[in-house]
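The next block holds one structure in the form of structure tokens; read it before the comments.
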Amino acid sequence: MSVYPIILSQADFTNRDSLTYPFEERGLQFGDGIYEVIRIYQGAYYLITEHVNRLFRSAEAIKIDLPFSRQEITSLLHDLLSQNEMTSDGIVYLQATRGSAPRNHAFPVDTPANVYAYVQDMPRKTKNLTNGVSAITKRDTRWENCYIKSLNLLPNVLAKQAAQENGSYEAILERDGKVTECSSSNVYLVKDGKIYTHPATNRILHGCVRMRVEQFAAGLNIPFVEQAFSIEDIADADEVFLSSSTSEVMPIVEVDGKKIAEGIPGKTTQMLQEAYEVDAGLVKQRI
Ligand SMILES: Cc1ncc(COP(=O)(O)O)c(C=O)c1O
């Protein structure tokens with residue numbers, strides 16, 4: 001794994017060790033900021049336009065004034081990869097906060113946003129993509145505006161930790177009797193040839209890969225039904241899978257210790273995985 005020394009800080013490039021923030025920083029003290037994680041394959045971005053668009057939607061929703069246009073940040077993100085001579089599979093983490101100011105809940109005036117982005121390697125999870133993963137279920141205790149990709153991730157962190165302590169990959173979240181999404185991914189159920197998932201309301205993050213899954217399903221003539229399912233429905237599912245920029249289209253073969261159907265990745269999930277690989281320009285790497 002390489003360490004990439006150059007980071008983006010505001011509109012400049014600097015060494016990763018030289019970036020420091022005062023302790024009175026809105027992201028640090030209030031989680032008052034937003035972020036994106038963008039997939040990189042072989043040194044090239046996947047779905048960068050979708051991520052940049054969502055960054056701007058999140059910023060607008062919480063009234064953070066971003067110091068660049070969509071085109072400017074896209075160009076800076078491309079420069080970040082070339083400055084680091086990045087050619088492998090990885091991610092960029094990009095964060096924008098309401099800036100540095102004396103602690104006070106209300107917005108500071110005349111305070112520029114703090115923005116940074118860095119690159120890191122992240123190989124594809126080929127074993128999990130081939131064999132599938134297990135999940136647990138947890139209550140969704142997050143706020144009402146989960147469509148905003150905010151830094152406030154404590155419920156997500158606790159749910160993921162509970163999954164890990166259980167030896168599972170993800171936590172499937174349930175609110176008011178309906179499955180919303182997972183701690184860091186969207187989730188889907190396949191039944192009788194149809195894909196079901198929670199509608200893209202304020203209760204879930206509108207995943208960039210989710211948008212693609214909907215398109216792949218259309219291309220494959222598989223009905224994509226934006227209708228939430230329940231934890232009880234999972235027991236009867238033909239297939240369950242999740243999606244995210246870091247997990248791609250990942251089969252879930254066991255939930256709360258019970259196998260989904262035969263306990264192996266299903267055909268619909270595999271077709272979507274193939275569509276993903278074609279779309280992302282990947283050579284077949286799953287084993
Ligand atoms: C809560 C949550 N839902 C869904 C996703 C999937 O989003 P994307 O497909 O844009 O990576 C993520 C990704 O981090 C997430 O944190």
### Query
What is the sum of charges around Arg139, taking Lys and Arg as +1, Asp and Glu as -1, for the other residues whose C-beta is under 12 Å from the C-beta of Arg139?
+1
### Task
Measure nothing but the geometry: give the 0 to 90° angle between the long axis through the Cα atoms of 267-279 and the longest principal axis through the Cα atoms of the chain, rounded to 10°.
30
### Task
Quick one: angle between helix 70-83 and the longest Cα principal axis of the chain, in degrees between 0 and 90, rounded to 10, please.
90
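Taking neighbour counts of Cβ atoms within 10 Å as a proxy for exposure, in what order, fewest first, do Val119, Val255 appear? Walk me through the numbers on the way to the answer.
Details: Val119 27, Val255 21.
Fewest to most other Cβ atoms nearby, the residues stand as Val255, Val119.
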### Query
With axes computed from alpha carbons, what is the tilt in degrees of helix 48-61 against the longest principal axis of the chain, rounded to the nearest 10 within 0 to 90?
70
### Query
Kirkwood Rh over Cα pairs of region 6-121 into Stokes-Einstein at 20 °C, 1.002 mPa s: D in µm²/s?
147
### Query
How many lysine pairs does the chain hold where the Cα atoms are under 18 Å apart and the two sit 8 or more places apart or on different chains?
18
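Could you check what % of the DSSP bridge pairs in region 126-279 are antiparallel, to the nearest 5? Numbers along the way, then the final one.
Details: 18 of 29 bridges.
Once the DSSP bridges in region 126-279 are tallied, antiparallel ones form about 60 percent.
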#### Entry: Euclidean distance of C-alpha centroids, region 104-130 and region 157-175, integer Å
21
### Extended-chain gain in nm, criterion 0.36 nm per residue less alpha-carbon gap, Asp236 and Asp12
75.4 nm
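If you filter region 126-216 for GluC sites (Glu not before Pro), then keep DSSP loop positions with at most 10 other Cβ within 10 Å, what is left?
Values: sites: Glu144, Glu165, Glu170, Glu174, Glu181, Glu214; in loops: Glu144.
Filter output for region 126-216: Glu144.
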#### Entry: Stokes-Einstein diffusion coefficient of region 121-175, Kirkwood radius over Cα pairs, 25 °C, 0.890 mPa s, in µm²/s
194
## Note on the structure
Cβ density ranking, 10 Å radius, fewest first, applied to Tyr21, Tyr276 yields Tyr21, Tyr276
### Task
Would you kindly derive the ³J(HN,Hα) couplings of region 118-127 from the backbone phi angles with the Karplus curve 6.51 cos²θ - 1.76 cosθ + 1.60 (θ = phi - 60°), listing them in order in whole Hz, with x for Gly and Pro?
9, 10, 8, 6, 8, x, 5, 8, 4, 5
### Query
log₁₀ I(q)/I(0) of the chain at q = 0.08, 0.14, 0.15 Å⁻¹, via Debye over equal Cα point scatterers, no solvent, to two decimals?
-0.35, -1.06, -1.19
### Using θ = phi - 60° and Karplus 6.51 cos²θ - 1.76 cosθ + 1.60, couplings along region 200-208 (whole Hz; Gly, Pro as x)
6, 9, 6, 8, 9, 6, 7, x, 5
### Query
What is the distance, in nm, between label points placed 7 Å from the Cα along the Cα-to-Cβ direction at Asn145 and at Gln120?
2.7
### Task
Read phi for every residue in region 161-171 and hand back ³J(HN,Hα) as whole Hz from Karplus 6.51 cos²θ - 1.76 cosθ + 1.60, θ = phi - 60°, with x for Gly and Pro.
4, 4, 4, 4, 5, 8, x, 9, 8, 9, 10
### Query
Which net charge results when you count Lys and Arg as +1 and Asp and Glu as -1 among the other residues whose beta-carbon is under 13 Å from that of Lys63?
0
### Message
Which log10 I(q)/I(0) values does region 198-242 give at q = 0.13 Å⁻¹ under the Debye formula, counting every alpha carbon as one identical point scatterer?
### Response
-0.33
### region 126-279 - Rg (one decimal) and Dmax (whole number), Cα, Å
14.0, 39
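Bear in mind that the values in this text are calculations on the coordinates, not laboratory data. The model shown is predicted, which means the values in this text are computed figures rather than measured ones. Every residue, glycine as well, gets a Cβ built from its backbone with ideal geometry; the counts of neighbours run over all protein chains shown.
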